[in-house]
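Asks: Take a look at this one; I'll ask things after.
Values quoted throughout were computed directly from the atomic coordinates according to the rules given, and no laboratory measurement underlies them. Here the structure is a predicted model, which means the values were calculated and not measured. Reconstructed Cβ throughout: ideal geometry from the backbone, glycine too, with neighbour counts over all protein chains shown.
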Amino acid sequence: MPVAWATLRRTWTMTGRAYPWSYAVGCLLTGILTIGLSYLALHAVGGGTVAADFTARTGGADYLGYIAIGAGAFMFTVRMLLWSSKALITEQRQGTLGALLVAPAGRLPYLLGFTGFALANTVVEVGLLGGFAALLGITLPACQPLAALAGVLALAFAVFALSVVLGALMIVAGEAHISQNTVFLAVSLLCGITFPNSYLPEPARLLAETLPVTSAMDVLRGALSHGAGLADLAPRLLTCLALGAGYLLLGLLVLPGAERRAIERSY
Amino acid sequence: MIRTHDLRKTFRVREKGLFGPRLEKTAVDGLDLLIPPGRVTGLLGLNGAGKTSTIKILATLLRPTSGTVTLDGLDLVEHAREARRRINLIAGGERMVYGKLTGAENLRYFGRLYDVPAPVLRRRTGELLDLVGLGHAADIPVERYSRGMAQRLSIARGLVNDPAYLLLDEPTLGLDAPIARDLRRVVADLATEGRGVLLTSHYLAEVEELCRHVYVIADGRHLAEGSPAELKAATGSHRAVRVTVTNPSPGLTDRITGFVRGIGAEPQLAPTADGGLLVTVHHPEDIAGPLAGAVVGAGGAIGGLEVTEASLEDAILALADGSAGPGTGAGTGPRAAPGPRSGAGAGAGPAAPTSAGTEVAA
């Protein structure tokens, strides 16, 4: 994987020389505000208790823990997608896409290298958000570390697979904002980020099941909130991996055509 | 060598807006090209002639709609990845290097993309930076380079895989004259080393200096080919002789006009600011001596004599205008019927200028 490692090092070096502080602070603030406002709502409005139907749907009454896991996972998803899916369109914008495409290196190792960098970067940022949650006294009542690690890796794989498809769409469309924000909105509404998706109507729940982030969230919540082990979470873990593999395959299939289309657009 | 046969590329573009009807635009229309090793081959045409699309096809960035492209017998579409190891592209209009990385970091990264072994890459990085005169700036981020330095680094990037063929699309675009001259020297050396180079440039003097063989295209179609000298001769682009006569008179003017018409040319006569007469004659042969003799023989006094060689620019403009005279062998006019041509596949050596007999974009 020399190309993946070279890409990771290259991106690390470039980002170190121009770290996008505003992006990072914006994403961190979104997570902090989500947790902070939920904290205020729970204590100032809800009197510190949650509705019975929330407890019934989530299997617990720890609303802030639920929110903290959702906010952390959403920040992880957004940051990873922002880095990985925009890798190629960023190359296009800075005038290096042609130099990249004319080289014989495969695109998968390039994208893996980019995502490796994104993962290292995002873990640090989500860690900062976790620190803020801890300051508010939010804890994870029944954490299974191994299953939680599997959940994080599953989420990373799911986001990587989505980013390959999204990245292809971006270079064909020649724009990033509309496509990335559409995905962010869909993930935040459908995938059980800030509320259980059992609140959603049936068609929306079915749609949510087509996104691997939904099953990855189930794994994460099961491991972090309910103490579920790998054996209990295996079905959802496999669902996430299968869906992720499908998205990845789709992305790798459409990417060469998308790259040619991107070059044609500049003709 | 790189060889194309009946190469075509059609784009489907929307006439207007997101939902307008799709139109087919032909960028490359039946091109036969030959780019042998050890030679700089030129590809010329006006804007929109199809040069960049052709280069992008040869660089495997675009797929041809039909026709074939081979590189040393390897089909470029079927074996794109293998072909990419042997070619590289340098486009003057695009930066093609990372601004946040230093020159050396850029070369090392692109070297890894070409799977260049680490020890070779370390040595080659230094050599290439020295070759393009950036050894002193190896550890400076490219965003602090001048445009000329960044362009020279782009040339080095194009050589990082030691390509057998180099595709240069306007490599000196926007560069200062001394830097462009240095780059031309590098390009000439690359061909001398045995690499095949395809060059497109709007600077026709550059093409004239570097290219031993030039293809001229218009609307994606082959218009003419040959060495710059052959193209100039074939389009009737002649050297100009200008004589300034300090004591003009009607009788003298008549005698000069008679002499010029006698050698098969038509003089252009223009008064000068100090009351003299400027006589300009375009002719394929060197007539400076006879013309000066005729002026003096008719009683005229010569205040100045200037000979200007015909340029490739004149030839290309003549081809584009379809104004090449009959019998020149190239560009038989905008409405000429399609005629036979020797084609690029005829051989690697300089071919006689030929006519595709196409409609020429003015």
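Asks: Hey, fewest Cβ within 10 Å first, where do A:Y23, B:Y165 land in order?
Replies: Values: A:Y23 14, B:Y165 22.
The most exposed by this proxy come first: A:Y23, B:Y165.
Asks: Moving on. Would you order B:L291, B:L199 from fewest to most other beta-carbon atoms within 10 Å of each residue's own beta-carbon?
Replies: Values: B:L291 25, B:L199 28.
Lowest count first: B:L291, B:L199.
Asks: Longest segment of chain B with no trypsin sites (Lys or Arg not before Pro) in a DSSP loop having at most 14 other Cβ atoms within 10 Å?
Replies: Details: sites that count: B:K16, B:R335.
It runs B:17-334.
Asks: Taking the stretch B:3-140 on its own, what percent of its Cα-Cα pair distances exceed 23 Å? If you can, show how the numbers build up before the last one.
Replies: Details: 4751 of 9453 pairs.
Distances greater than 23 Å cover 50 percent of the Cα pairs.
Asks: On to the next question. Could you tally the net charge around B:R239, taking each other residue with its Cβ under 13 Å from the Cβ of B:R239, Lys/Arg +1 and Asp/Glu -1? All intermediate terms of the calculation are to be shown ahead of the outcome.
Replies: Details: positive: B:K232, B:R242; negative: B:E285, B:D286, B:E306, B:E309, B:D314.
Once all neighbours under 13 Å are counted, the net charge is -3.
Asks: For chain B, with the dipole built from +1 on Lys and Arg beta-carbon atoms and -1 on Asp and Glu ones, taken about the Cα centre, which of B:L121, B:P36, B:T4 lies farthest toward the positive end?
Replies: B:L121
Asks: Kirkwood hydrodynamic radius, computed over distinct alpha-carbon pairs, for the stretch B:239-308: how many Å, to one decimal?
Replies: When all Cα pairs of the stretch B:239-308 are included, the Kirkwood radius is 11.7 Å.
Asks: Find how much the distance from B:R185 to B:V13 grows on full extension, using 0.36 nm per residue of separation minus their present alpha carbon separation; answer in nm with one decimal. Spell out each step's value before the answer.
Replies: Numbers: separation 172, 0.36 × 172 = 61.92 nm, distance 3.96 nm.
Length gained between B:R185 and B:V13: 58.0 nm.
Asks: Compute the helix-to-body angle for A:63-84: its Cα long axis versus the longest principal axis of chain A, expressed 0 to 90° and rounded to tens.
Replies: Around 0 degrees separate the two axes.
Asks: How big is the convex hull of the Cα atoms of the stretch A:17-122, per residue, in Å³?
Replies: 130
Asks: Please go through the stretch B:1-84 and write out the GluC sites (Glu not before Pro) that DSSP classes as loop and that have at most 16 other C-beta atoms within 10 Å. Don't skip to the end; give the middle numbers.
Replies: Details: sites: B:E15, B:E24, B:E78, B:E82; in loops: B:E15, B:E78.
Of the GluC sites (Glu not before Pro), the ones in loops of the stretch B:1-84 whose Cβ has at most 16 other Cβ atoms within 10 Å are B:E15, B:E78.
Asks: Another question about this same structure. For chain B, what does the helix formula give at 222 nm: sum of -39500 (n - 2.57) over DSSP H segments with n ≥ 4, over the residue count, nearest 500 deg cm²/dmol? Numbers along the way, then the final one.
Replies: Numbers: 11 runs with 113 residues, N = 362.
Dividing the helical sum by the residues of chain B leaves -9000 deg cm²/dmol.
Asks: What do you get when you divide the Cα radius of gyration of chain B by 2.2 N^0.38 Å, with N the number of residues? Don't skip to the end; give the middle numbers.
Replies: On the way: Rg = 24.6 Å, N = 362, 2.2 N^0.38 = 20.6 Å.
Taking the Cα Rg and dividing by 2.2 N^0.38 Å, one obtains 1.19.
Asks: Further question on the same structure: Kirkwood Rh and Cα-based Rg: tell me the resulting Rg over Rh for the protein assembly as shown, rounded to two decimals. Write down the numbers at each step before the final one.
Replies: Numbers: Rg = 33.3 Å, Rh = 28.8 Å.
That ratio equals 1.15.
Asks: In whole percent, what relative contact order does the stretch B:239-308 give with Cα contacts below 8 Å and a gap of six or more residues? Let's see the in-between values first.
Replies: Working: 119 pairs, mean separation 36.4, N = 70.
Across the stretch B:239-308, relative contact order equals 52 percent.
Asks: With labels modelled as points extended 7 Å from the Cα through the Cβ direction, what inter-label distance (nm, one decimal) is found for B:H79 paired with B:T65?
Replies: Distance between the two pseudo-spin positions: 2.8 nm.
Asks: Between A:L146 and A:R17, what is the FRET efficiency for a Förster distance of 30 Å, r being their Cβ-Cβ separation, to the nearest 0.05? Let's see the in-between values first.
Replies: Numbers: r = 37 Å, r/R0 = 1.24.
My answer for the efficiency is 0.20.
Asks: Out of A:A242, B:Y203, B:V77, whose Cα points farthest toward the positive end of the dipole of the protein assembly as shown (charges: +1 Lys, Arg; -1 Asp, Glu; placed on Cβ)?
Replies: The residue sitting farthest along the positive end of the dipole is A:A242.
Asks: Which whole-number percent is the relative contact order of chain B (Cα, under 8 Å, 6+ apart)?
Replies: Working: 764 pairs, mean separation 68.2, N = 362.
In percent, rounded to a whole number, it is 19.
Asks: What's the whole-number percent of alpha carbon pairs in the stretch A:2-265 lying beyond 31 angstrom? Mind dumping the intermediate values first?
Replies: Details: 9220 of 34716 pairs.
I get 27 percent for the Cα pairs in the stretch A:2-265 exceeding 31 Å.
Asks: On a 28 Å Cα-Cα criterion, which of the cross-link pairs B:K51/B:K100; B:K25/B:K232; B:K25/B:K100; B:K16/B:K51; B:K56/B:K100 come out too long? It would help to have the intermediate numbers written out before the result.
Replies: Working: B:K51/B:K100 31 Å; B:K25/B:K232 31 Å; B:K25/B:K100 38 Å; B:K16/B:K51 25 Å; B:K56/B:K100 26 Å.
Distance filter (> 28 Å) returns B:K51/B:K100; B:K25/B:K232; B:K25/B:K100.
Asks: Give the residue from A:G131, A:T15, A:T96 lying farthest towards the positive end of the charge dipole for the protein assembly as shown; charges sit on Cβ (+1 for Lys and Arg, -1 for Asp and Glu) and the dipole is referred to the Cα centre.
Replies: Farthest towards the positive end: A:G131.
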